[in-house]
Amino acid sequence: MEDRLAQLVQKARQKGASFAEARFQDVTSTLVAVENGRLKSYESQKLRGIGIRVLVRHSWGYASCSDLASKSTTFALATALKLAKASSRHSDKTELSQTTPITDSRTSPRKIDPTEVSAEEKIRVALEANKAAMTSNLIKNSATRIGTLSDKRISVNSEGSEIKTDSCMVGLGHLSVAKLSSDMERVSAQKSLCSGFEYLRDENWNQFAQEISQLAEKAVRARTPKAGTFEAVADPELIGLILHEAFGHASEGDLVSTKESVLEGQIGTVLASPQVTILDEGIVEGGYFVPYDDEAVPKGRTIIVENGVLKSYLHSRQSALELGVKPTGNARAMDFESNPIVRQTNFYMQPGDRNFEELIEDVKEGYYIRGRGGGGGQVDVGGGTFTFAAGPSYHIHNGEVKEMVRGTTVSGAILETLKTIYAVGDDLQVTTSVFGGCGKEGQLVKVGDGGPHVRIGKITVGGSG
Amino acid sequence: MSARVAAQRAVALAEKLGAHEAEAYVTRATERMVDFHDKIEIGRASTLVGIGVTVITGKKRGFFSNSSLEGEEVESTVRTALSIAKASEPDPDWKSFPTKTGRRTVSAVFDKRTAELEGDHLVKEAASIVDFVKSKDKRLSLVASALGTSSVVTSISNSYDCNLQRRSTGVSFFVRVKAEEAGKKGISDEGIQARSWKELSLQDTADVAAERAIKMMNARPVSSRETPIVVSNEIIARILNVMFSGTINAESVQRGRSPWIGKIGKQVASDTFNLVDDGVRKAGMGTRAFDDEGVPQRTTPIIVKGILQSYLYDTYTASKDRVSSTGNATRVGSGTFGLGRPYTQTPLPAPTNLVLDDGEATLNEMIEETSDGLYIIDSIGEWLSNPISGLLNATVTNAFEIRNGSLEDPVKGVIVSGNFFEMITKSLDLIGNDVKNSGNVYAPSAKFSRMRVAGE
């Protein structure tokens with residue numbers, strides 16, 4: 001395959017491209033769904049294809065095909081060249097920052113290849129967890145999923161880079177619905193790891209699923225929080241979500257270059273309290289595996305915020321050149337059909353020195369907002385507002401964690417919320433998901449996020465109470 | 001290999017290799033897209049084929065999908081599906097794939113010109129919008145915008161003489177306009193999703209976003225309170241999608257994860273609330289001659305005058321309830337590597353076109369009748385609301401305060417909350433006459449007498 005990609009790239013150069021890149025992808029994924037004690041579906045897929053990106057007269061063209069016959073890839077190349085030429089009449093000079101050509105091959109850690117594990121065993125793991133979650137007659141629905149994913153990519157460009165990556169991830173997700181008289185509530189959560197099937201064998205999934213049912217049983221009795229602006233303590237899953245939505249997206253170099261992001265022009269500015277240091281790193285325990293981005297640039301560790309000061313954005317080769325800095329290895333594509341755009345990898349906060357009690361003790365009136373059972377988030381990077389749905393959370397009164405609240409949606413302002421992080425905990429947890437991903441411009445990519453427990457001085461909590 | 005031939009061949013092969021029944025779903029999709037901001041960023045084109053094969057042995061089901069029809073790929077897809085079926089568990093509720101398939105006459109879901117538009121034409125059109133916004137006002141610029149077309153051929157075959165094929169086209173236009181002056185910044189989005197190029201009015205759409213972005217430069221949160229709210233058609237459509245699309249189907253009901261369980265024949269909304277699943281709406285984004293397992297689409301009333309009438313069925317869930325399929329089998333095409341690729345999934349019942357009937361009030365009348373409140377035009381995070389508990393939260397990005405019947409100060413950064421089930425029964429004041437779609441959900445604007453606003 002490398003040779004075919006190299007030929008395509010060479011042909012693109014002969015036909016006038018100043019830069020060309022061909023990427024091949026080979027994905028195998030399986031999703032096993034079990035519901036109320038029975039197998040619901042076992043779906044598996046193989047996805048393969050080639051994507052070609054060319055730069056002609058300083059303009060981009062991109063084309064892809066899943067059919068690998070040579071007439072199809074030749075047509076895709078011609079289409080990419082044609083689109084680039086058409087765009088060149090309406091675009092400024094697009095250029096790429098210089099990088100050193102690299103040849104490398106990287107594989108994420110695994111012991112047991114999930115494709116070599118029988119369907120029976122995958123079904124059994126899901127079924128057992130599913131049955132364990134039927135904890136009481138309040139539980140009206142118990143749904144469990146197992147996901148396995150193998151994503152192999154080869155990227156060859158006209159500057160001589162050739163990168164192969166092979167990442168493997170597995171995980172289990174569970175949803176429980178509880179009903180008490182006319183009230184219903186659902187709680188869902190998942191745990192995934194870049195690992196082989198051993199992770200699905202070794203963890204205690206029955207306990208994990210049981211805990212979700214227990215949360216649902218409690219949540220159905222819980223009230224919604226009081227609406228308003230409060231102090232809060234966020235857990236590692238939730239601070240991960242906050243950082244990802246509040247800061248991660250706004251630090252993406254393409255959104256900075258087009259001046260969409262509120263973080264544009266803020267390098268060197270204090271945007272968070274001095275306790276806050278935020279990193280984007282390609283390989284982190286618990287996170288997704290990104291040794292290189294889809295432009296063959298190594299993804300090391302990028303310091304985004306150091307002691308409260310904005311130090312760097314996330315960059316592709318294009319956004320790096322536009323802003324006069326070095327690329328950070330953040331140009332990522334969902335798949336071969338998509339062109340690389342600036343994305344986060346594993347975006348997380350470094351731990352501090354406070355234990356949990358110290359974080360809680362000074363909170364007079366607020367909430368302990370938790371990620372498990374939450375629903376993700378969204379951000380308006382231009383308007384500067386972010387939001388996300390927390391899982392079942394708790395009221396804090398006079399330094400003590402009190403009753404559970406549900407239906408907690410939180411929002412804040414990118415330029416203000418992190419300035420009110422008064423204290424940072426001494427724990428650290430980064431997580432990723434085999435089931436979902438982070439969306440931008442129609443592309444979903446796998447990301448990791450996390451951090452320690454933190455105390456936030458001011459955040460808006462929605463609620464009908 | 002054509003989609004039709006591949007589907008037929010897969011079914012025949014599965015039967016030959018021992019499947020008791022088989023179904024094949026094949027798509028060939030072409031997409032063209034231009035990403036632009038204050039210049040053209042990139043023109044893109046893709047051609048994706050895909051086949052999803054479901055086989056039954058005994059009552060055991062296996063499914064496998066593949067993005068290639070070349071060489072031995074169809075055969076290997078069938079063989080893998082069979083091996084999964086063998087390892088699977090029998091499903092006592094399994095009856096069969098649909099035995100009565102066919103097509104309904106539908107209109108305006110395929111447009112030849114849209115299918116044939118070349119990417120360079122889209123580039124030119126996008127460039128004209130860039131020029132329009134730039135020349136309109138020097139405070140304005142475009143960010144993260146896109147214009148695209150798609151053309152899809154879908155073939156379905158099964159063991160009961162189902163050999164159907166349909167074609168469809170789609171167009172999408174999204175603009176995000178930024179206004180900036182003296183450190184103040186406003187952002188507004190507008191978009192259109194339709195079936196044909198003819199339905200796009202690019203410049204008018206960009207103009208609406210541009211005018212509003214200028215006003216939003218002064219937006220700020222308001223204080224926490226309870227207040228009447230007028231919600232735009234597009235946000236109503238997105239809320240209906242969250243609150244109904246995953247729970248009004250028989251699958252969720254039968255499995256015990258729907259709030260609509262036991263509510264057929266009961267009042268679940270005010271008597272002005274009429275919700276229908278319209279599978280044959282002209283040019284509808286969910287309109288198809290037949291659903292994703294070959295059953296003709298049709299119109300199913302869901303809520304009439306506030307009373308719940310029916311759930312939505314595919315063949316599997318219908319046979320469990322001993323009723324007929326309502327033609328709602330849908331392959332969702334979700335998940336990281338399934339996104340936009342329906343062939344990667346087996347069908348589940350879901351809305352075709354979910355339509356909230358329009359009322360008589362104009363948007364202006366709804367605003368004029370509000371002495372103190374908010375008009376919400378755009379929000380983020382409404383899709384994170386909970387359709388099981390009905391707890392609804394939306395973080396407002398574009399809104400205006402209403403005072404004495406007119407739009408006053410711009411607002412952003414507050415959370416609007418309520419319980420959806422109570423909102424549609426107790427606080428639905430007025431339904432507008434301005435239906436717009438968000439994907440396959442069509443809704444007018446509406447006014448609610450009371451919602452909670454969390455702000456400063």
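The values are calculated or read from the model by the stated rules, or taken from the named source; none is laboratory data. All values reported here derive from a predicted model rather than from experimental measurement. Every residue, glycine among them, receives a Cβ derived from its backbone with ideal geometry; neighbour counts consider all protein chains shown. Just so you know, the surface numbers come from the protein's heavy atoms only, side chains and all, with ligands and any DNA or RNA stripped out. Shrake-Rupley method; radii C 1.70, N 1.55, O 1.52, S 1.80 Å.
Some notes on this structure:
- Residue match in region A:110-121 (condition: modelled with pLDDT of 95 or more, in a loop (DSSP other than H, G, I, E, B) and of a type in the set (Asp, Glu)): yes
- Only one entry in A:73, A:79 is more than 9 Å from chain B (Cβ to nearest Cβ) and either on the phi < 0 side of the Ramachandran plot or assigned to a loop (DSSP other than H, G, I, E, B) (or both), namely A:73.
- Just one of (1) modelled with pLDDT under 95; (2) out of contact with any strand residue (DSSP E or B) (no Cβ under 7 Å at 6 or more places or on another chain); (3) over 30 Å from residue B:32 (Cβ atoms) fails for residue A:412. It is (2).
- In region A:21-43, the residues that are open to solvent by less than 10 Å² (accessible area, probe 1.4 Å), facing chain B (nearest Cβ under 7 Å) and under 25 Å from residue A:133 (Cα atoms): A:35
- Evaluation of residue B:4 against the conditions (1) open to solvent by 20 Å² or more (accessible area, probe 1.4 Å); (2) under 24 Å from residue A:63 (Cα atoms) shows that the sole unmet condition is (2).
- Residue in region A:33-52 that is part of a helix (DSSP H, G or I) and not small (Gly, Ala, Ser) present: no
- Near pairs, Cβ below 7 angstrom, 6+ apart or cross-chain, from region A:391-411 (on the phi > 0 side of the Ramachandran plot and free of Cβ contacts under 8 Å to residues at least 40 places away in the same chain) to any residue that is surrounded by 13 or more Cβ atoms within 10 Å (Cβ to Cβ) and of a type in the set (Val, Ile, Thr): A:399/A:360; A:399/A:363
- Picking from residues in region A:454-463 that are open to solvent by 10 Å² or more (accessible area, probe 1.4 Å) and either over 12 Å from residue A:230 (Cα atoms) or not basic (Lys, Arg) (or both), the one that is farthest from the other protein chains (Cβ to nearest Cβ) is A:457.
- Among the numbered conditions (1) open to solvent by less than 30 Å² (accessible area, probe 1.4 Å); (2) under 23 Å from residue A:314 (Cα atoms); (3) under 26 Å from the mean Cα position of the chain (by Cα), the only one that residue A:94 does not meet is (3).
- Tally of residues being part of a strand (DSSP E or B), farther than 15 Å from residue B:65 by Cα and open to solvent by 40 Å² or more (accessible area, probe 1.4 Å) across region B:7-29: 0
- Within region A:316-342, the set of residues being open to solvent by 20 Å² or more (accessible area, probe 1.4 Å) and out of contact with any strand residue (DSSP E or B) (no Cβ under 8 Å at 6 or more places or on another chain) comprises A:321, A:322, A:323, A:324, A:325, A:326, A:327.
For (1) under 28 Å from residue A:458 (Cβ atoms); (2) within 14 Å of chain B (Cβ to nearest Cβ); (3) over 19 Å from the mean Cα position of the chain (by Cα), each residue gets a yes or a no:
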{"residue": "A:219", "(1), (2), (3)": "yes, yes, yes"}
{"residue": "A:250", "(1), (2), (3)": "yes, yes, no"}
{"residue": "A:272", "(1), (2), (3)": "yes, no, yes"}
{"residue": "A:301", "(1), (2), (3)": "no, no, no"}
{"residue": "A:314", "(1), (2), (3)": "yes, no, no"}
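- Filtered by the rule that a residue be in contact with a strand residue (DSSP E or B) (Cβ under 6 Å, 6 or more places away or on another chain) and over 24 Å from residue B:168 (Cα atoms), region B:16-36 gives B:19, B:20, B:21, B:22, B:36.
- Taking (1) modelled with pLDDT of 95 or more; (2) within 26 Å of residue B:164 (Cβ to Cβ); (3) crowded, with 22+ Cβ neighbours inside 10 Å; (4) over 28 Å from the mean Cα position of the chain (by Cα) in turn, residue B:94 satisfies each apart from (3).
- Condition check for residue B:54: β-branched (Val, Ile, Thr), outside any strand (DSSP E or B), touching a residue at least 40 places away in the same chain (Cβ under 8 Å) and touching a strand residue (DSSP E or B) at 6+ places or on another chain (Cβ under 7 Å): no
- Residues of region B:267-282 that turn out to be in a loop (DSSP other than H, G, I, E, B), of a type outside the set (Val, Ile, Thr) and open to solvent by 30 Å² or more (accessible area, probe 1.4 Å), as a count: 4
- Filtering region A:90-105 to residues that are touching a residue at least 40 places away in the same chain (Cβ under 8 Å), charged (D, E, K, R) and within 14 Å of another protein chain (Cβ to nearest Cβ) leaves only A:95.
Matching residues to (1) closer than 28 Å to residue A:392 by Cα; (2) surrounded by fewer than 23 Cβ atoms within 10 Å (Cβ to Cβ); (3) β-branched (Val, Ile, Thr):
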{"residue": "A:127", "(1), (2), (3)": "yes, yes, no"}
{"residue": "A:144", "(1), (2), (3)": "yes, no, yes"}
{"residue": "A:174", "(1), (2), (3)": "yes, no, no"}
{"residue": "A:180", "(1), (2), (3)": "yes, yes, no"}
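- Which listed residue is without any contact (Cβ under 8 Å) to a residue 12 or more places away in the chain and touching a Phe, Trp or Tyr at 6+ places or on another chain (Cβ under 8 Å), from A:87, A:41, A:108: A:41
- Breaking point among (1) within 22 Å of the chain's Cα centre (by Cα); (2) free of Cβ contacts under 8 Å to residues at least 40 places away in the same chain, for residue A:447: (2)
- The set of residues in region A:268-285 that are within 22 Å of residue A:434 (Cα to Cα) and open to solvent by 20 Å² or more (accessible area, probe 1.4 Å) comprises A:281, A:283, A:284, A:285.
- Selected residue [assigned to a loop (DSSP other than H, G, I, E, B), more than 25 Å from the chain's Cα centre (by Cα) and within 30 Å of residue B:205 (Cα to Cα)] from B:38, B:120: B:38
- Among the residues of region B:244-266, the one identified as away from chain A (no Cβ under 14 Å), open to solvent by 20 Å² or more (accessible area, probe 1.4 Å) and within 20 Å of residue B:389 (Cβ to Cβ) is B:245.
- Across region B:394-408, not a single residue is classified as modelled with pLDDT under 95, among the polar types (S, T, N, Q) and in a loop (DSSP other than H, G, I, E, B).
- Residues being small (Gly, Ala, Ser) and either in contact with an Asp or Glu (Cβ under 7 Å, 6 or more places away or on another chain) or under 20 Å from residue B:451 (Cα atoms) (or both) - total across region B:230-275: 5
- Residue count, region B:1-46 (criterion: more than 11 Å from chain A (Cβ to nearest Cβ) and acidic (Asp, Glu)): 3
- Screening the candidates A:374, A:442, A:451, A:383 for the property of being open to solvent by 10 Å² or more (accessible area, probe 1.4 Å) and under 30 Å from residue A:152 (Cα atoms) yields one hit, A:442.
- Residue among A:328, A:302 that alone is outside any strand (DSSP E or B) and not charged (D, E, K, R): A:328
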